[in-house]
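Report on the structure given below.
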Amino acid sequence: MTKQVLAVVILAAGLGTRMKSTRPKVMHPLAGRPMISHLLATVASLDPDRVVVVTGPDMPDLAVALTRAPIPVTTVVQQERRGTGHAVATARAVAAGADDVLVLLGDVPLVGRESLARLIAARRAAPEVAVAVLGMRPVDPTGYGRLLTGADGMLERIVEELDASPAERQIGLCNAGLMAIDGRRLWALLAQLQPDNAKGELYLTDIIQAARAAGLVCRAVEGTSADELIGINSRVELAQAEGFLQARLRAAAMRDGATLLDPDSVYFSHDTRLGRDVEIGQNVVFGPGVTIADGAQVRPFCHLEGVSVASGAVIGPFARLRPGTVVAEGARIGNFVETKNAAIAAGAKVNHLSYVGDASVGAGANVGAGTITCNYDGFDKARTEIGAGAFIGSNSSLIAPVKIGAGAFVAAGSVVTEDVAPDSLAVARGTQAEKPGWAAAFRARKAAEKAARKARKTKQG
Ligand code: UD1
Ligand code: MG
């Protein structure tokens, strides 16, 4: 059998009016990446022959996101948004000739590979099946089109909520919006669409009626779960989708051997990688690009982004690790510590109240409480290098560029502007002077003055 050519058409031209946003709807992020990127990752796993994304005019951010897609993507621009049916027709020049056309919606981004595979299989099950539609039974069907099936289980029609009768609105089987369509029949079916509906648009959903009128078969197949088929039209649905996705990511992390002390309070990025026996405390947020190796611990209330943590390291509680932070084996980052573009070598400790940016901290070094690397002069960034085994006393400012040699000591409260040689002590603060008995004499003088004033007042009064 010759391979069936599969074209995927993703509709993403809508303005997302209900989002009340200046950003194209499909560019709103879920777990740290745009909706459209989630969908493209799933599409790539299907290994399609062609992928077309229908965008609107003036969507530069979306165009950039598409250049980073994991598969080659052709973009077509739908100049006027005349409905989902019109949007598919816009893709004709690229999708024509394919055996099957899989139509996906950019605002249904969490659909899994399995549901899409079922949909394609339903279309290919028999040559007379012109359209297979993905159905779902959400807890609240409000806003979705409803699937009207005949006595024989065949799909007869899809009715949009706005056009539905009260009886039709009682139907629980909803249109997830995704379809696999016979590529030889699709374009003729689209040509029959009319804007005779509540929105005055050319609805893709109306091809079902057109296909039935032509004596063709349409089928509905249910997806694996309604959660993954949520359509995102508003911020409330965006938050719901984020919730479903986070639940999925938490479950995956635990399945892979990480302990989450309070899973519902941990927020993952789509690409967070946790090793085995990693322990994540309550209220931890992962931005994109974080890897935590086996056996490392992230204690409660930490925020990490663009960070790699090696095994046995302990982070937090209350730490903020920013992009470019690399924490080596067994190192410790404690409370109220911020790091950025910083390499913390094995066994080093930055335990309290510090900022370590554009810096390296050598193996086993101890950075005392309140140490600040002064890396920025308002124009340029400069580096601080702390050697292995060095000891930085509390409340020191290291004015970059500066190097603290291996094994050196910096006295507490120092403002270090010059390099410190290995194994030496740098003291960069005012020398302490002491005047014996000064405080007692001062108090006695002040007390005498106060008593004299009081005596004068009583005499006058
Ligand atoms: C659509 C379906 C509805 C289904 C729901 C599932 C239609 C007519 N309705 O409704 O049955 O239950 O999805 O979530 O298909 N788009 C374009 N160009 C256009 C119009 C839309 O590219 O001219 C894109 C949008 O960017 C969006 C997608 O198509 O990504 C769906 O459009 P949307 O307006 O969200 O349709 P729904 O009202 O959600
Ligand atoms: Mg929608």
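Take every Cα pair under 8 Å whose residues are at least 6 apart in sequence, average their separation, divide by the length of region 259-426, and the relative contact order is 11 percent.
Describe numerically, in nm with one decimal, the distance between label points set 7 Å from Cα along Cα→Cβ at residue 114 and at residue 264. Output for this residue pair reads 2.5 nm. In terms of packing, defined here as the mean over residues of other Cβ atoms within 10 angstrom, the peptides 256-264, 270-278 line up highest first as 270-278, 256-264.
The string of couplings for region 292-302 from the Karplus curve (6.51, -1.76, 1.60, θ = phi - 60°) is 10, 7, 3, x, 7, 10, 10, 7, x, 6, 10 Hz, one whole number per residue in order, with x for Gly and Pro.
Measuring nothing but how far apart in sequence close Cα pairs (under 8 Å, 6+ apart) lie, relative to its length, region 6-229 scores a relative contact order of 24 percent. Rounded to the nearest Hz, the phi-derived 3J(HN,Hα) couplings of region 309-321 under the Karplus curve 6.51 cos²θ - 1.76 cosθ + 1.60 (θ = phi - 60°) are 10, 7, 5, x, 6, 10, 10, x, x, 6, 10, 10, 10, where x marks glycine and proline. With contacts taken as Cα pairs under 8 Å and at least 6 residues apart, the chain reaches a relative contact order of 8 percent. Length gained on full extension, residue 271 to residue 459: 59.5 nm, using 0.36 nm per residue less the C-alpha separation. Taking 20 Å as the cut-off, the amide N atoms of region 45-73 that come nearer than this to a point 7 Å along the Cα-to-beta-carbon line of residue 187 belong to 49-55.
Shown for region 259-426: the carbon plus sulfur share of the solvent-accessible area, taken with all protein chains present and a 1.4 angstrom probe, equals 53%.
State whether region 6-229 is rounded, prolate or oblate according to the following rule on the C-alpha gyration tensor (a ≥ b ≥ c being the square roots of its eigenvalues): a/c under 1.5 gives rounded; otherwise a/b larger than b/c gives prolate, and the remaining case gives oblate. Don't skip to the answer; put the middle values down first.
On the way: a/c = 1.42, a/b = 1.28, b/c = 1.11.
Note, shape of region 6-229 comes out rounded.
For residue 199, the lysines whose Cα falls under 25 Å of its own Cα, not counting residues fewer than eight places away in the same chain, are 20, 25. A probe of 1.4 angstrom, applied to the heavy atoms of all protein chains, finds residue 294 with accessible area near 90 square angstrom. Computed from the C-beta positions of residue 251 and residue 451, the FRET efficiency with R₀ = 56 Å rounds to 0.15. For residue 219, the amide hydrogen comes within under 5 Å of the amide hydrogens of 131, 132, 133, 155, counting only partners 5 or more places away or on other chains and with H modelled in the peptide plane.
With both bridge residues required to lie in region 6-229, what share of the DSSP beta bridges run antiparallel, to the nearest 5%?
Approximately 40 percent, going by the DSSP bridge assignments.
One chain, two ends: residue 318 and residue 71. Fully extended at 0.36 nm per residue, the span grows by 85.0 nm beyond their Cα-Cα distance. As a calculated quantity, the FRET efficiency between residue 80 and residue 126 at R0 = 45 Å, using C-beta atoms, amounts to about 0.80.
Label separation (residue 168 vs residue 441): 9.9 nm, computed from points 7 Å beyond Cα along the C-beta direction. Here's how it looks for residue 335: its modeled amide H is under 5 Å from those of 353, which are all 5 or more places away or on a different chain.
Exposure check, 1.4 Å probe, all protein chains in place: residue 424 carries approximately 40 Å² of accessible surface. Working from label points 7 Å from Cα in the Cα-to-Cβ sense, the residue 194 to residue 382 distance is 7.7 nm. 3J(HN,Hα) couplings calculated from phi for region 441-456 with the Karplus curve 6.51 cos²θ - 1.76 cosθ + 1.60 (θ = phi - 60°) are, in sequence order, 5, 4, 4, 5, 5, 5, 5, 5, 4, 5, 5, 5, 4, 4, 4, 4 Hz; Gly and Pro show x. These residues, 154, 136, go from largest to smallest accessible area, 1.4 Å probe, as 154, 136.
Residue ranking by accessible heavy-atom surface, 1.4 Å probe, largest first, among 80, 279 comes out as 80, 279.
Applying the criteria of a DSSP loop state and at most 15 other Cβ atoms within 10 Å to the trypsin sites (Lys or Arg not before Pro) of region 166-197 yields 184. Among the trypsin sites (Lys or Arg not before Pro) in region 19-60, those placed in a DSSP loop whose Cβ has at most 16 other Cβ atoms within 10 Å are 20. Residues whose amide H lies under 5 Å from that of residue 374, counting only those 5 or more places away or on a different chain, are 398, 399, 400; hydrogens are built 1.01 Å from N in the peptide plane. By DSSP, the beta bridges lying fully in the chain are antiparallel in about 20 percent of cases.
The values are calculated or read from the model by the stated rules, or taken from the named source; none is laboratory data. If you're wondering where the values come from, they're calculated on a predicted model, not measured in any experiment. No Cβ is skipped: glycine too gets one built from the backbone with ideal geometry, and neighbour counts run over all protein chains shown. Ligands, DNA and RNA are stripped out before the accessible areas are found, and what is left, the full protein with its side chains, is counted by its heavy atoms. Shrake-Rupley method; radii C 1.70, N 1.55, O 1.52, S 1.80 Å.
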